[in-house]
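Report on the structure given below.
The values are calculated or read from the model by the stated rules, or taken from the named source; none is laboratory data. Source: prediction; values computed, not measured. Don't worry about glycine lacking a Cβ; one is built from the backbone with ideal geometry, like all the others, and counts go over all protein chains shown.
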Amino acid sequence: MEPAGDTLDPYGRPYPPKHDGYLVPRTAADAIVIQKDPVSGEFQCLLITRKKETFHGKLAYPGGHIDYGEDPVVACVRELEEECGIKGANPQLVAVRGSPERDPRYHMISIFYFVEVQPGQTVVAGDDASTAKFYNISELLQRKDDFAFDHYEILTEVIRLRPELESLRSKL
């Protein structure tokens, strides 16, 4: 979509600078990490509390911008380590979201991956995260308003898709 002399896009955000004459959305990669609590046996999801101004204090999957020349899979694992201090492996595509209004800052396309982590790693908030920890998924389903962006909807999609989370579907 070309600016028609206006400085704001149809969603009220400034148009980004053109690259080679084109307006280009930004891209991000996000990590979805699910584990079973060894004590309760309940499923948990790794989330950060956002430190940045946009959605400050809200829950989000660890993730961020894909660097120029970087594979999205590599970006996903890098962002997981930067924001949570843990190493991930074997990213598997879950969803791609690119609705123009999903991010109030600019048009952002996010690629979500399910990522495996070795148990016993210590989660430590870093980079853009105020906190990083595992949350009980049953409890998260009662906290829709606490999520940033469209990450609550991604959580419900993960519950519908992952066979090991079948017991949680009745809570949707």
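Kindly evaluate VAL39 against the criterion of being surrounded by fewer than 19 Cβ atoms within 10 Å (Cβ to Cβ) and among the hydrophobic types (A, V, I, L, M, F, W, C).
For VAL39, the condition - surrounded by fewer than 19 Cβ atoms within 10 Å (Cβ to Cβ) and among the hydrophobic types (A, V, I, L, M, F, W, C) - is met.
Filter the stretch 100-111 down to residues that are hydroxyl-bearing (Ser, Thr, Tyr) and either within 17 Å of LEU155 (Cα to Cα) or not in a loop (DSSP other than H, G, I, E, B) (or both), then give me how many there are.
1
Filter the stretch 16-36 down to the residues that are in a loop (DSSP other than H, G, I, E, B) and at pLDDT 95 or above and list them by number.
VAL33
Would the stretch 137-144 turn up any residue that is assigned to a strand (DSSP E or B) and surrounded by 16 or more Cβ atoms within 10 Å (Cβ to Cβ)?
No.
Among the residues of the stretch 112-136, what is the count of those that are part of a loop (DSSP other than H, G, I, E, B) and farther than 14 Å from ILE34 by Cα?
The total comes to 6.
Given the criteria over 21 Å from ARG169 (Cα atoms), out of contact with any strand residue (DSSP E or B) (no Cβ under 8 Å at 6 or more places or on another chain) and in contact (Cβ under 8 Å) with a residue 40 or more places away in the chain, does PRO100 qualify?
yes
So, in the stretch 4-44, exactly how many residues are of a type in the set (A, V, I, L, M, F, W, C), under 23 Å from the mean Cα position of the chain (by Cα) and farther than 23 Å from GLU82 by Cα?
Here is the first cut: in the stretch 4-44, the ones of a type in the set (A, V, I, L, M, F, W, C) are 4, 8, 23-24, 28-29, 31-34, 39, 43.
After this cut, where a residue has to be under 23 Å from the mean Cα position of the chain (by Cα) as well, the list is 24, 28-29, 31-34, 43.
Now restrict to residues that are farther than 23 Å from GLU82 by Cα: 24, 43.
Number satisfying all stated conditions: 2.
Does any residue of the stretch 77-90 turn out to be at pLDDT below 95, surrounded by 15 or more Cβ atoms within 10 Å (Cβ to Cβ) and part of a loop (DSSP other than H, G, I, E, B)?
no
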